[in-house]
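Contents: one structure, followed by commentary.
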Amino acid sequence: MSARERLLAAAAQRVLIKDGPYGTAIQNAKLASEDYGADTGLAQDQKGNNDLVNLTQPGVIRRICDSYIEAGATVLATNTFNANRISQADYGAEALVHDINVSAARIIREACDDASARDGIPRFVCGAMGPTNKTLSLSPDVEDPGYREVTFDEVKEVYREQAAALVEGGADFILIETVFDTLNCKAAVMAVKELEREQGREIPLMVSLTLTDLSGRNLSGHTVEAFWNAMRHAKPVTIGLNCSFGAEQLRPHIQQLAGLADTLVMAYPNAGLPNELGEYDELPETTASHVRQWAETGRVNILGGCCGSTPEHIARIAAAVEGLTPRAIPSVAPQMRLAGLEPFTIAA
(Lines give C-alpha, C1' and ligand atoms only; values in the text may rest on other atoms or scores of the structure.)
Protein backbone atom coordinates (compact mmCIF):
# COMPACT_ATOMS: atom_id res chain seq x y z
CA MET A 1 0.00 0.00 0.00
CA SER A 2 1.10 3.54 -0.68
CA ALA A 3 1.52 6.08 2.13
CA ARG A 4 -1.72 7.75 1.07
CA GLU A 5 -3.61 4.45 1.16
CA ARG A 6 -2.15 3.52 4.55
CA LEU A 7 -3.11 6.87 6.08
CA LEU A 8 -6.64 6.70 4.67
CA ALA A 9 -7.02 3.17 6.02
CA ALA A 10 -5.85 4.20 9.49
CA ALA A 11 -8.04 7.32 9.48
CA ALA A 12 -11.09 5.21 8.63
CA GLN A 13 -10.61 3.29 11.86
CA ARG A 14 -10.15 6.11 14.38
CA VAL A 15 -9.39 9.77 14.89
CA LEU A 16 -5.62 9.98 14.44
CA ILE A 17 -3.36 12.05 16.68
CA LYS A 18 -0.69 14.41 15.40
CA ASP A 19 2.20 15.59 17.56
CA GLY A 20 2.86 19.08 18.92
CA PRO A 21 5.56 21.72 18.39
CA TYR A 22 9.30 21.36 18.96
CA GLY A 23 10.33 24.94 19.75
CA THR A 24 9.37 25.10 23.43
CA ALA A 25 10.71 21.62 24.09
CA ILE A 26 14.05 22.56 22.53
CA GLN A 27 14.17 25.70 24.70
CA ASN A 28 13.49 23.54 27.74
CA ALA A 29 16.59 21.52 26.88
CA LYS A 30 18.64 24.63 27.87
CA LEU A 31 21.09 24.33 25.00
CA ALA A 32 24.03 26.74 24.95
CA SER A 33 25.14 28.59 21.81
CA GLU A 34 27.93 26.07 21.25
CA ASP A 35 25.40 23.22 21.48
CA TYR A 36 23.40 24.71 18.62
CA GLY A 37 26.41 25.31 16.36
CA ALA A 38 28.53 22.35 17.49
CA ASP A 39 31.16 21.56 14.85
CA THR A 40 29.36 23.13 11.89
CA GLY A 41 31.93 25.93 11.65
CA LEU A 42 29.24 28.57 11.16
CA ALA A 43 30.46 32.08 11.90
CA GLN A 44 27.22 33.47 13.33
CA ASP A 45 25.77 32.67 16.74
CA GLN A 46 23.29 29.83 16.15
CA LYS A 47 21.41 30.05 19.45
CA GLY A 48 17.71 29.87 18.65
CA ASN A 49 18.23 28.07 15.34
CA ASN A 50 15.97 25.17 16.30
CA ASP A 51 16.18 23.52 12.88
CA LEU A 52 19.96 23.19 13.14
CA VAL A 53 19.48 21.06 16.27
CA ASN A 54 18.39 18.21 13.97
CA LEU A 55 21.97 18.09 12.76
CA THR A 56 23.98 19.06 15.83
CA GLN A 57 21.93 17.52 18.68
CA PRO A 58 19.84 14.73 17.11
CA GLY A 59 19.36 13.07 20.50
CA VAL A 60 17.37 16.08 21.72
CA ILE A 61 14.99 15.83 18.76
CA ARG A 62 14.63 12.07 19.19
CA ARG A 63 13.67 12.48 22.85
CA ILE A 64 11.04 15.07 21.98
CA CYS A 65 9.62 12.84 19.23
CA ASP A 66 9.54 9.87 21.58
CA SER A 67 7.61 11.94 24.13
CA TYR A 68 4.92 12.67 21.54
CA ILE A 69 4.77 9.01 20.52
CA GLU A 70 4.35 8.03 24.18
CA ALA A 71 1.53 10.60 24.38
CA GLY A 72 -0.31 8.77 21.60
CA ALA A 73 0.71 10.59 18.42
CA THR A 74 0.88 8.47 15.27
CA VAL A 75 1.27 11.36 12.80
CA LEU A 76 4.69 12.86 13.46
CA ALA A 77 6.09 15.96 11.79
CA THR A 78 9.73 16.84 11.29
CA ASN A 79 11.32 19.76 13.13
CA THR A 80 11.94 21.66 9.89
CA PHE A 81 9.61 24.67 9.96
CA ASN A 82 12.46 27.04 9.05
CA ALA A 83 14.78 24.55 7.37
CA ASN A 84 14.89 26.36 4.03
CA ARG A 85 17.44 28.64 2.40
CA ILE A 86 15.37 31.80 2.88
CA SER A 87 14.89 31.34 6.62
CA GLN A 88 18.34 29.87 7.26
CA ALA A 89 19.93 32.94 5.65
CA ASP A 90 19.25 34.72 8.94
CA TYR A 91 21.85 32.42 10.50
CA GLY A 92 24.21 32.12 7.54
CA ALA A 93 23.38 28.41 7.43
CA GLU A 94 21.96 28.12 3.90
CA ALA A 95 24.60 25.57 2.86
CA LEU A 96 23.37 23.13 5.52
CA VAL A 97 19.72 23.03 4.44
CA HIS A 98 19.99 19.66 2.71
CA ASP A 99 21.75 18.00 5.64
CA ILE A 100 19.37 19.51 8.21
CA ASN A 101 16.31 18.16 6.43
CA VAL A 102 17.72 14.71 5.76
CA SER A 103 18.77 14.39 9.40
CA ALA A 104 15.40 15.66 10.64
CA ALA A 105 13.43 13.14 8.57
CA ARG A 106 15.70 10.25 9.53
CA ILE A 107 15.28 10.98 13.24
CA ILE A 108 11.48 10.90 13.03
CA ARG A 109 11.51 7.94 10.64
CA GLU A 110 13.62 5.89 13.02
CA ALA A 111 11.52 6.85 16.03
CA CYS A 112 8.31 5.88 14.24
CA ASP A 113 9.71 2.62 12.90
CA ASP A 114 11.09 1.64 16.31
CA ALA A 115 7.75 2.31 18.00
CA SER A 116 5.75 0.49 15.31
CA ALA A 117 8.06 -2.51 15.56
CA ARG A 118 7.20 -2.70 19.26
CA ASP A 119 3.41 -2.31 19.12
CA GLY A 120 2.38 -2.83 15.48
CA ILE A 121 0.61 0.55 15.27
CA PRO A 122 1.19 2.32 11.93
CA ARG A 123 2.87 5.72 12.19
CA PHE A 124 3.46 8.38 9.56
CA VAL A 125 6.27 10.89 8.99
CA CYS A 126 5.31 14.33 7.70
CA GLY A 127 8.10 16.44 6.25
CA ALA A 128 7.16 19.90 7.49
CA MET A 129 7.73 23.00 5.35
CA GLY A 130 6.89 26.38 6.86
CA PRO A 131 5.90 29.55 4.97
CA THR A 132 9.41 31.15 4.98
CA ASN A 133 9.72 34.75 6.15
CA LYS A 134 8.94 36.21 2.72
CA THR A 135 5.59 36.74 1.02
CA LEU A 136 4.84 36.55 -2.69
CA SER A 137 1.46 38.27 -2.47
CA LEU A 138 2.35 41.38 -0.51
CA SER A 139 5.01 44.05 -0.67
CA PRO A 140 7.18 44.70 2.39
CA ASP A 141 7.47 48.33 1.24
CA VAL A 142 4.34 50.43 1.81
CA GLU A 143 5.73 53.01 -0.63
CA ASP A 144 6.03 50.45 -3.43
CA PRO A 145 3.11 47.97 -3.46
CA GLY A 146 4.43 46.23 -6.56
CA TYR A 147 7.79 45.35 -4.98
CA ARG A 148 8.57 41.76 -3.99
CA GLU A 149 11.68 40.51 -2.18
CA VAL A 150 11.52 37.14 -3.96
CA THR A 151 10.03 35.68 -7.13
CA PHE A 152 7.69 32.72 -7.46
CA ASP A 153 10.40 30.64 -9.15
CA GLU A 154 12.90 31.43 -6.40
CA VAL A 155 10.50 30.33 -3.68
CA LYS A 156 9.59 27.20 -5.66
CA GLU A 157 13.24 26.18 -5.92
CA VAL A 158 13.77 26.79 -2.19
CA TYR A 159 10.86 24.47 -1.44
CA ARG A 160 11.98 21.89 -3.96
CA GLU A 161 15.38 21.61 -2.30
CA GLN A 162 13.77 21.15 1.11
CA ALA A 163 11.15 18.66 -0.09
CA ALA A 164 13.74 16.54 -1.88
CA ALA A 165 15.86 16.31 1.27
CA LEU A 166 12.86 15.43 3.46
CA VAL A 167 11.86 12.64 1.09
CA GLU A 168 15.46 11.41 0.99
CA GLY A 169 15.41 11.21 4.77
CA GLY A 170 12.28 9.06 4.79
CA ALA A 171 9.26 11.37 5.00
CA ASP A 172 5.97 9.77 3.91
CA PHE A 173 4.26 13.11 3.18
CA ILE A 174 5.19 16.73 2.63
CA LEU A 175 3.29 18.96 5.05
CA ILE A 176 2.96 22.56 3.85
CA GLU A 177 1.94 24.21 7.08
CA THR A 178 1.03 27.57 8.61
CA VAL A 179 0.12 28.95 5.17
CA PHE A 180 -0.35 32.69 5.52
CA ASP A 181 0.19 33.42 1.83
CA THR A 182 -1.65 31.26 -0.69
CA LEU A 183 0.86 32.07 -3.43
CA ASN A 184 3.74 30.80 -1.29
CA CYS A 185 1.74 27.60 -0.84
CA LYS A 186 1.22 27.30 -4.59
CA ALA A 187 4.99 27.56 -5.06
CA ALA A 188 5.46 24.73 -2.55
CA VAL A 189 2.81 22.61 -4.27
CA MET A 190 4.46 23.11 -7.66
CA ALA A 191 7.85 22.23 -6.18
CA VAL A 192 6.52 18.91 -4.88
CA LYS A 193 4.69 18.14 -8.12
CA GLU A 194 7.91 18.72 -10.08
CA LEU A 195 9.75 16.47 -7.64
CA GLU A 196 7.11 13.79 -8.19
CA ARG A 197 7.68 13.86 -11.94
CA GLU A 198 11.41 13.74 -11.45
CA GLN A 199 11.24 10.71 -9.12
CA GLY A 200 8.41 8.98 -10.96
CA ARG A 201 6.29 8.40 -7.86
CA GLU A 202 3.64 10.08 -5.75
CA ILE A 203 4.75 12.33 -2.90
CA PRO A 204 1.47 12.95 -1.05
CA LEU A 205 0.77 16.44 0.20
CA MET A 206 -0.73 17.71 3.42
CA VAL A 207 -1.75 21.38 3.46
CA SER A 208 -2.57 23.47 6.53
CA LEU A 209 -3.82 27.05 6.47
CA THR A 210 -3.32 29.64 9.21
CA LEU A 211 -5.86 32.42 9.75
CA THR A 212 -4.85 35.93 10.70
CA ASP A 213 -8.23 37.24 11.83
CA LEU A 214 -11.37 35.82 13.36
CA SER A 215 -13.37 36.43 10.18
CA GLY A 216 -11.48 33.49 8.68
CA ARG A 217 -8.93 34.88 6.23
CA ASN A 218 -5.22 34.31 5.85
CA LEU A 219 -2.74 37.16 5.40
CA SER A 220 -3.15 37.18 1.61
CA GLY A 221 -6.89 37.61 2.12
CA HIS A 222 -8.31 34.21 1.21
CA THR A 223 -11.27 32.73 3.03
CA VAL A 224 -11.22 29.08 4.08
CA GLU A 225 -13.45 28.05 1.17
CA ALA A 226 -11.48 30.08 -1.37
CA PHE A 227 -8.25 28.52 -0.11
CA TRP A 228 -9.68 25.02 -0.49
CA ASN A 229 -10.82 25.84 -4.02
CA ALA A 230 -7.27 26.98 -4.78
CA MET A 231 -5.71 23.80 -3.34
CA ARG A 232 -8.10 21.02 -4.34
CA HIS A 233 -6.37 20.40 -7.68
CA ALA A 234 -3.24 19.29 -5.78
CA LYS A 235 -5.23 16.38 -4.28
CA PRO A 236 -3.80 16.77 -0.76
CA VAL A 237 -4.37 13.77 1.49
CA THR A 238 -5.20 16.23 4.29
CA ILE A 239 -6.37 19.83 4.37
CA GLY A 240 -6.75 21.76 7.57
CA LEU A 241 -5.93 24.60 9.92
CA ASN A 242 -3.11 25.10 12.38
CA CYS A 243 -1.68 27.79 14.61
CA SER A 244 -3.89 30.91 14.18
CA PHE A 245 -5.87 30.81 17.42
CA GLY A 246 -7.03 28.38 20.04
CA ALA A 247 -9.52 25.61 19.37
CA GLU A 248 -12.45 27.67 20.62
CA GLN A 249 -11.84 30.39 18.03
CA LEU A 250 -11.13 27.94 15.20
CA ARG A 251 -14.31 25.90 15.70
CA PRO A 252 -16.54 27.61 13.07
CA HIS A 253 -13.78 27.52 10.47
CA ILE A 254 -13.10 23.82 11.04
CA GLN A 255 -16.83 23.20 10.79
CA GLN A 256 -16.97 24.96 7.43
CA LEU A 257 -13.93 23.16 6.03
CA ALA A 258 -15.23 19.78 7.17
CA GLY A 259 -18.29 20.19 4.96
CA LEU A 260 -16.30 21.31 1.92
CA ALA A 261 -13.28 19.05 1.69
CA ASP A 262 -13.49 15.63 0.07
CA THR A 263 -10.30 14.57 1.81
CA LEU A 264 -9.08 14.16 5.40
CA VAL A 265 -9.28 17.19 7.70
CA MET A 266 -6.35 17.76 10.07
CA ALA A 267 -6.45 20.45 12.75
CA TYR A 268 -3.80 21.43 15.27
CA PRO A 269 -4.68 24.68 17.05
CA ASN A 270 -2.64 26.65 19.55
CA ALA A 271 -3.11 26.02 23.24
CA GLY A 272 -5.57 28.89 23.51
CA LEU A 273 -4.69 32.55 22.98
CA PRO A 274 -1.44 34.06 24.31
CA ASN A 275 -1.61 35.91 27.63
CA GLU A 276 -0.23 39.38 28.39
CA LEU A 277 3.31 37.98 28.36
CA GLY A 278 2.83 36.23 25.02
CA GLU A 279 2.76 32.81 26.66
CA TYR A 280 0.19 30.06 26.18
CA ASP A 281 -1.38 28.86 29.39
CA GLU A 282 -4.47 26.92 28.30
CA LEU A 283 -4.56 23.72 30.31
CA PRO A 284 -4.31 20.39 28.47
CA GLU A 285 -7.75 19.30 29.65
CA THR A 286 -9.28 22.53 28.31
CA THR A 287 -7.76 22.08 24.86
CA ALA A 288 -8.84 18.44 24.86
CA SER A 289 -12.43 19.28 25.76
CA HIS A 290 -12.66 21.77 22.88
CA VAL A 291 -11.31 19.45 20.20
CA ARG A 292 -13.33 16.51 21.51
CA GLN A 293 -16.42 18.45 20.43
CA TRP A 294 -15.03 18.60 16.89
CA ALA A 295 -14.51 14.85 16.88
CA GLU A 296 -17.92 14.11 18.43
CA THR A 297 -19.65 16.04 15.64
CA GLY A 298 -17.62 14.38 12.87
CA ARG A 299 -15.58 17.42 11.86
CA VAL A 300 -12.01 16.09 11.97
CA ASN A 301 -9.85 13.10 11.09
CA ILE A 302 -6.53 14.11 12.65
CA LEU A 303 -6.00 16.25 15.76
CA GLY A 304 -2.82 17.70 17.27
CA GLY A 305 -1.39 20.82 18.83
CA CYS A 306 0.52 23.89 17.72
CA CYS A 307 2.03 26.80 19.71
CA GLY A 308 1.98 26.26 23.46
CA SER A 309 1.07 22.58 23.20
CA THR A 310 3.07 20.00 25.14
CA PRO A 311 3.14 16.19 25.21
CA GLU A 312 0.59 16.45 28.03
CA HIS A 313 -1.78 18.35 25.69
CA ILE A 314 -1.35 15.64 23.07
CA ALA A 315 -1.94 12.87 25.62
CA ARG A 316 -5.14 14.54 26.84
CA ILE A 317 -6.37 15.00 23.27
CA ALA A 318 -5.64 11.34 22.49
CA ALA A 319 -7.55 10.20 25.54
CA ALA A 320 -10.46 12.57 24.84
CA VAL A 321 -11.13 11.25 21.33
CA GLU A 322 -10.36 7.57 21.90
CA GLY A 323 -13.19 5.43 20.60
CA LEU A 324 -14.97 8.24 18.76
CA THR A 325 -16.09 7.68 15.17
CA PRO A 326 -13.80 9.44 12.69
CA ARG A 327 -15.15 11.94 10.20
CA ALA A 328 -16.55 10.42 7.02
CA ILE A 329 -15.15 12.01 3.88
CA PRO A 330 -18.10 13.60 2.06
CA SER A 331 -18.95 13.12 -1.60
CA VAL A 332 -18.92 16.50 -3.31
CA ALA A 333 -20.90 17.09 -6.49
CA PRO A 334 -18.65 18.07 -9.40
CA GLN A 335 -18.88 21.78 -10.16
CA MET A 336 -16.50 24.45 -11.35
CA ARG A 337 -15.21 26.01 -8.13
CA LEU A 338 -12.89 28.98 -8.50
CA ALA A 339 -11.21 31.33 -6.06
CA GLY A 340 -10.20 34.93 -5.90
CA LEU A 341 -10.14 36.19 -2.34
CA GLU A 342 -13.68 34.81 -2.18
CA PRO A 343 -14.91 31.45 -3.53
CA PHE A 344 -16.89 31.40 -6.76
CA THR A 345 -18.91 28.41 -7.94
CA ILE A 346 -20.33 28.25 -11.46
CA ALA A 347 -23.76 26.65 -11.23
CA ALA A 348 -24.44 23.69 -13.49
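The values are calculated or read from the model by the stated rules, or taken from the named source; none is laboratory data. These figures come from a predicted structure and were not determined experimentally. Note that each Cβ is placed from the backbone with ideal geometry, even for glycine, and that neighbours are counted across all protein chains shown. Ligands, DNA and RNA are stripped out before the accessible areas are found, and what is left, the full protein with its side chains, is counted by its heavy atoms. Shrake-Rupley method; radii C 1.70, N 1.55, O 1.52, S 1.80 Å.
Observations on the model:
- These residues, K156, K193, K47, go from largest to smallest accessible area, 1.4 Å probe, as K47, K193, K156.
- The range 1-88: C-alpha gyration tensor shape, a/c 1.5 cut-off, then a/b vs b/c: prolate
- The loop-placed chymotrypsin sites (Phe, Trp or Tyr not before Pro) in the range 257-348, going by DSSP, include none that has at most 10 neighbouring Cβ atoms within 10 Å of its Cβ.
- Solvent exposure of R316, expressed as accessible area, is near 100 Å², computed with a probe of 1.4 Å over the protein chains only.
- The range 64-197: proportion of alpha-carbon pairs further apart than 19 angstrom, %: 52
- Mean accessible surface per residue for the range 77-161, computed with a 1.4 Å probe while every protein chain stays in place, in Å²: 44
- Relative contact order for the chain: 18 percent, from Cα pairs under 8 Å spaced at least 6 residues apart, divided by residue count.
- Over the chain: Kirkwood hydrodynamic radius from C-alpha pairwise inverse distances, Å: 20.3
- Legend: residues F124, F152, sorted from most to least accessible area (1.4 Å probe; ligands, DNA and RNA excluded), read F152, F124.
- Solvent-accessible area of E157 with every protein chain in place, 1.4 Å probe, in Å² to the nearest 10: 90
- Listed values for the range 319-324 are Karplus-derived 3J(HN,Hα) couplings in whole Hz (6.51 cos²θ - 1.76 cosθ + 1.60, θ = phi - 60°), namely 5, 5, 9, 4, x, 7, and x replaces Gly and Pro.
- R327 - accessible surface, heavy atoms, 1.4 Å probe, Å² rounded to 10: 10
- The chain - percent of accessible surface contributed by carbon and sulfur, probe 1.4 Å: 51
- Relative contact order, whole percent, for the range 238-348 stands at 26, derived from Cα pairs under 8 Å and 6 or more residues apart.
- When the residues Y91, Y36 are ordered by accessible surface, computed with a 1.4 Å probe over the protein chains alone, the sequence from largest down reads Y91, Y36.
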